[in-house]
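Below is one structure, written out as structure tokens, with a few remarks after it.
The values are calculated or read from the model by the stated rules, or taken from the named source; none is laboratory data. Computed from a prediction, not measured in an experiment: that's the story for all the values here. Positions of Cβ are generated from backbone atoms using ideal geometry, with glycine treated the same way; all protein chains shown enter the neighbour counts. Quick note on the areas: whole protein, heavy atoms, side chains included, nothing else; ligands and nucleic acids left out. Shrake-Rupley method; radii C 1.70, N 1.55, O 1.52, S 1.80 Å.
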Amino acid sequence: MKQRRLFQNDGGNGITEGVIWKQLLRFFFPILLGTFFQQLYNTADAIIVGKFVGKESLAAVGGATGNLINLLVGFFVGLSSGASVIISQYYGARKNAEVSASVHTAAALSLAGGVLMTLLSYFFLPNFLVTMGTPVEILDLASTYTRIISLGMLPSLIYNIGSGILRAIGDSQRPLYFLIVCCLFNIVADVLLVVGAGMGVAGAALATILSQLLSAVLVVVTLCRSHQSYQLRPREIRFHGAILKRILQIGFPAGLQSVLYSISNIIIQASMNIFGTDVLAAWTAYGKLSDLYWMIISAFGIAITTFTGQNFGAGKYDRMRKSVRVCLLLSLIATVVLCGTLMLGARGFLVLFTSDETVLEYGLVMMRLLVPSYITYILIEVLSGAVRGAGDTLIPTIINLTGICLLRVVWIWFVVPAHNTVECVLFSYPLTWVVTSIVFVLYYWKGGWLQRCIRKSGIEEPV
């Protein structure tokens, strides 16, 4: 592959050297804080809309629309994760030309995927709200919110892929700074448009897409101004055939997994819809609180994927294994602390979203059943992230799809109708997490994934 210009030497970032737990936390915390501010986008919408507009609008901006939007966004973000993996591997192996080709292929993927996502979400997602049985009293609100949010799909994907490139080379700080700025902008815009201008859910959606546009501009400018191998040059954005093939091989299973996750959650959402607006509003409030855990565990997943990716590229396989063990321990500590905090302050946290007593009671039921079971998800996130970093995505995807998605759907279709309670629907989560965790442990220790990845990668161990 011909390299068109000389780059400055890419310096080490500590991922392939140094004390593992220190380097892991140094990389983890900016990701965690960044994920926190990213989640705060929609949480701010929910809090402001729930407090100043009403529980119908709260249900519309969260429970009724979130899984549908995640269906499309998750697929393309999962697909582009293949780029992050191979960029981290090439960067660890100091293959600058391949890093550059991967960056420009990822950029082309973000543009093509963003346009397609916008069209699909704008014209088709509102119809799915009807198919899901969204309560009539919030259907118009949910449709309005979905159509406006869909216009921010392109900048959202550009930001996610751009920040993924930065994290792949070990820079988790600048994506954090961008998200802090954009989140604060979003909160101010929420207050101005929802409260000040009285635009309701439309104002919340508009504030979000303006923030997404700002984040996309910031990450693109950063990549363009770099003088290292991951510099983005707009005129060179195109698909590189061999690189695109590797991205799709690694990213398509992750994208498919995200889609089927969303589909299983949509089926659960449809089951929740039949219980009415109070349950749906409680589900939205609980969902925003549960995001606190998902942002922590996903940050560990991103961190271990980058760690294993760069160390795999550098041929440091023992360091890969050690980083997995460290990440599991840190994830366990973080999960215990967070779950304890959520359980002790459950009612106080829910009151942030609504003061309706019926909604609060349903929310407490959800938190008491689900929060203690978060500990069962640690192995899934960390072990799947580790093998993804080495380029193994197909079998972990099959494990996730069978253990979580398929089993969850079977539970909803065949067990829930016999009981028809909120608790029975919710139990599908801890059940599937436990089963999938057991399978992942067996695969990680006995599956021979590392040897297969070494043979397939074409990245030789450094001399």
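Structure summary
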{"quantity": "Label point distance in nm, THR341-LEU120, each placed 7 Å from Cα along Cα→Cβ", "calculated": "3.5"}
{"quantity": "Packing-based ranking, highest mean first, of 87-93, 123-129 given that Cβ atoms within 10 Å are counted", "calculated": "87-93, 123-129"}
{"quantity": "Relative packing of peptides 79-85, 199-205 - highest average C-beta neighbours within 10 Å first", "calculated": "79-85, 199-205"}
{"quantity": "13 Å reach of a label modelled at ARG455, 7 Å along Cα-to-Cβ, counting backbone N of region 285-311", "calculated": "none"}
{"quantity": "Of LYS288/LYS316; LYS22/LYS245; LYS245/LYS322; LYS245/LYS316; LYS288/LYS322; LYS95/LYS316, pairs whose Cα-Cα distance is over 27 Å", "calculated": "LYS288/LYS316; LYS22/LYS245; LYS245/LYS322; LYS288/LYS322"}
{"quantity": "Whole-number percent relative contact order across the chain, with pairs defined as alpha carbons under 8 Å at least 6 apart", "calculated": "24"}
{"quantity": "Label-point separation in nm, HIS227 to LYS51, each point 7 Å along Cα→Cβ", "calculated": "4.7"}
{"quantity": "Between helix 96-131 and the chain: long-axis angle, C-alpha atoms, 0 to 90°, nearest 10", "calculated": "20"}
{"quantity": "The chain: calculated mean residue ellipticity at 222 nm from DSSP helix runs of at least 4, using -39500 (n - 2.57)", "calculated": "-26000 deg cm²/dmol"}
{"quantity": "Cα→Cβ-extended label distance, 7 Å offset, between ARG235 and LEU329, nm", "calculated": "5.2"}
{"quantity": "Share of carbon and sulfur in the accessible heavy-atom surface of the chain [1.4 Å probe, %]", "calculated": "67"}
{"quantity": "Degrees between helix 378-389 axis and first principal axis of the chain (Cα, 0 to 90, nearest 10)", "calculated": "40"}
{"quantity": "Efficiency of FRET from Cβ geometry, ALA112 and GLU357, R₀ 35 Å, rounded to 0.05", "calculated": "0.10"}
{"quantity": "Per residue value of the accessible surface for the chain (all protein chains in place, 1.4 Å probe), Å²", "calculated": "40"}
{"quantity": "Per-pair calculated FRET efficiency, R0 = 56 Å: LEU151 and ASP318 via Cβ, rounded to 0.05", "calculated": "0.70"}
{"quantity": "Efficiency of FRET from Cβ geometry, ALA97 and LEU184, R₀ 41 Å, rounded to 0.05", "calculated": "0.60"}
{"quantity": "Cα-based helix-to-principal-axis angle, 428-446 vs the chain, degrees rounded to 10", "calculated": "10"}
